[in-house]
1. So which residues in the stretch 427-442 are touching a residue at least 12 places away in the same chain (Cβ under 8 Å) and out of contact with any helix residue (DSSP H, G or I) (no Cβ under 7 Å at 6 or more places or on another chain)?
2. Within the group 332, 303, 292, which residue is open to solvent by less than 60 Å² (accessible area, probe 1.4 Å), more than 20 Å from the chain's Cα centre (by Cα) and either within 30 Å of residue 48 (Cα to Cα) or hydroxyl-bearing (Ser, Thr, Tyr) (or both)?
3. Please go through the stretch 181-200 and give me each residue that is open to solvent by less than 70 Å² (accessible area, probe 1.4 Å) and either touching a residue at least 40 places away in the same chain (Cβ under 8 Å) or acidic (Asp, Glu) (or both), ordered by number.
4. Being open to solvent by 30 Å² or more (accessible area, probe 1.4 Å) and under 21 Å from the mean Cα position of the chain (by Cα) narrows it down to one of 378, 350, 374, 389, so name that one.
5. Is it the case that residue 177 is exposed (fewer than 14 other Cβ atoms within 10 Å of the Cβ) and closer than 30 Å to residue 265 by Cβ?
6. For the stretch 439-470: of the residues being open to solvent by 90 Å² or more (accessible area, probe 1.4 Å) and at pLDDT below 75, which is nearest to residue 97 (Cα to Cα)?
7. Return the pairs, sorted by first residue and then second, in which the second residue is among the β-branched types (Val, Ile, Thr) and at pLDDT 85 or above, the first residue lies in the stretch 224-242 and is farther than 16 Å from residue 64 by Cβ, the beta carbons are less than 8 Å apart, and the residues are 6+ apart or on different chains.
8. Across the stretch 374-407, what is the total count of residues that are in a helix (DSSP H, G or I) and either among the polar types (S, T, N, Q) or out of contact with any helix residue (DSSP H, G or I) (no Cβ under 8 Å at 6 or more places or on another chain) (or both)?
Amino acid sequence: MSTSPGGGLARRIGLLQATALNMSQMVGVGPFITIPLMVAAFGGPQAIIGWIAGALLALVDGLVWAELGAAMPGAGGTYVYLREAFQYRTGKLMPFLFVWTAILFVPLIMSTGIVGLVQYLGYLWPSMGSNSGDLVGLALIVLIVGLLWRRVDSIARLTTAMWVVMLLAVALVLVAAYSHFHADNAFSYPAGAFDLLGGKFWTGFGAGLAVGVYDYLGYNTAAYLGSELKNPGRTLPRSTVTAIFGVMVIYLLLQVGVLGAVDWHRMLDPNSAVYQSMASVVLEQAWGRGPAEAVTTLILVTAFASVLAGLLAGSRVPYDAARDGVFFRSFARLHPRHGFPTVGLVTMGVITAVGFMIGRHTDMGTLIQLLTTVMVLVQTLSQIVALTVLRRRQPQLHRPYRMWLYPLPSVLAFAGWVYIYVCADHNAPGRRPIEWSLAWVALGGLVFLAWARKERIWPFGDKQIREQYADAADDADKEPATV
C-alpha cells in the first residue's frame, strides 16, 4: 500500500471511487431543490441556459484544477497550489487565507445539502414542525461526522455504494417525468424569454449562473484528497472531466423532464409543494404516493451521500497547511488508529451545523450567495492566477496533464467567477454577501498577522526563493518551446 511522499495519508482511492466522490458531491440533493430556484431566476423554461452556462464554467475551471492537481497532488487541494505559487512575494499569507475561508465555505456548502435533505424529509413527514426539522438536521450532521470517524478506504467504498443509489434515484425521477411528459409545458417560453438586449434576461442570467455553479460544485472533491489518490496524475483530470460531463447530462435531462411533467408556473411560489419537494410531486403524479415515498427515500440517501463526500474532502483542507506550519498546528493531528485529520473534521462539522441553522431560518438563496462570494475571493480567482504564476515561475514542474488550449479556459473561468461575484448583492438583496465576504477575508488577514507573530515567523515572501525561481524561468525562456 503506497503512501504520500510526505507520509501520513495513504493512497487508496482509484479512478472509479474518485469519480463517484465528485459526482456524489455534485448532485446530492442540489438539482432537486434548485430547479425551482433556476426557473424563478429566469422566469420560465429558458432556465436551461443556466445549467449549460454553469457546466461550461465548471468545465473551464475544472481544467485549472486538473492541471494543478495532477502536478501537485496533496491533501488540501488549493492550499498546495497557492503555497507554491505565492511563496515568492506574499509567502504564507495566501495559503493561510485560503484555509481560513475554506473552513467557512466548505461546510456552508454542506449545510445547504442538510437543509435540502430536511426539506424533502417533510414530504415523508408532513407534520414535522420547524423545531423538529432543526433537531433532525443537527442529528444528521452528528451522524455524518461519526461515519467519517474511520479509515478513508472504507468511506470510499461506502460513498461508491451511495453513488449507485444516487444514479438510481435520478433515473427513477427521469422515468417518472418522461412517462408523463408534455412538450407544451417544457417549452412554453414567456414573452421576451430570449431578449438578449433587455436587462431582465441578464439579471436572470446572473442569478441563474450562481445557482448553476452551486449545483456543479464538487467537481474538485477528489483534488482535496490528492494525497490519497492512486496515480493522481491520471486519476484527477479524468475524474474531474468525467464528473462534469456526467452531471451536466443528468441536470439537463432533469430540467427538461420535470418542466414537461409539471406546470413551471407552480415553481414560482416558494410555499408550493412543487417548490419544496419537486421530485416527490413528479413521482406522486406519475406513480402515486407509495412509489413517490420510496424514491424520495433514495433522494434522501443521495443528499446524505453528498454531505458525507463533501465533509470527507473538506476535513483534509487544513491538514497539509498545518503540517507545513502555515496554519494552526492542531489541524495537523491524525487519528492514532485510522489516520484521518480529527480537528478539521470536527471543526467543519460544527460550522456545517451553524450554516444549517442559518439556512433554515433565512433562505437557501442567501446561503448560496454567501458561500459563493467567500469562495470566489480566495479560491477560484487566486487559483487561476496561481496557474499562470506557476507556468512562469516553475516551467520545469512535472505536469502529467497540461490544460487544453491554455490560457483560454483560465481566462474564461476568471471572467465567469468575476461576473458571479459582482452580481451577488443584486441576487441577494439586503443580505450584502459581498460585504460579508470581504469582512471575513479581512478578519482572516488580521488573524494571520497575529498568528505569525505568535509563531515568530516571517509571514511574507522570501527573496532567495524569488531569485531562485526567477533564474529558472529565465533559463526556460531561452530554450525552444516544446509541446
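The values are calculated or read from the model by the stated rules, or taken from the named source; none is laboratory data. On a predicted model such as this, the values are computed, not experimentally measured, just so you know. Every residue, glycine as well, gets a Cβ built from its backbone with ideal geometry; the counts of neighbours run over all protein chains shown. Side chains included, ligands, DNA and RNA excluded: accessible areas come from the protein's heavy atoms. Shrake-Rupley method; radii C 1.70, N 1.55, O 1.52, S 1.80 Å.
1. Residue satisfying the conditions is 438 alone.
2. 292
3. The answer is 181, 183, 185, 186, 188, 190, 193.
4. From the options 378, 350, 374, 389, the qualifying one is 350.
5. no
6. Here the answer is 458.
7. Within 8 Å, the pairs are 229/235; 242/19.
8. Going through the stretch 374-407 one residue at a time, the tally reaches 6.
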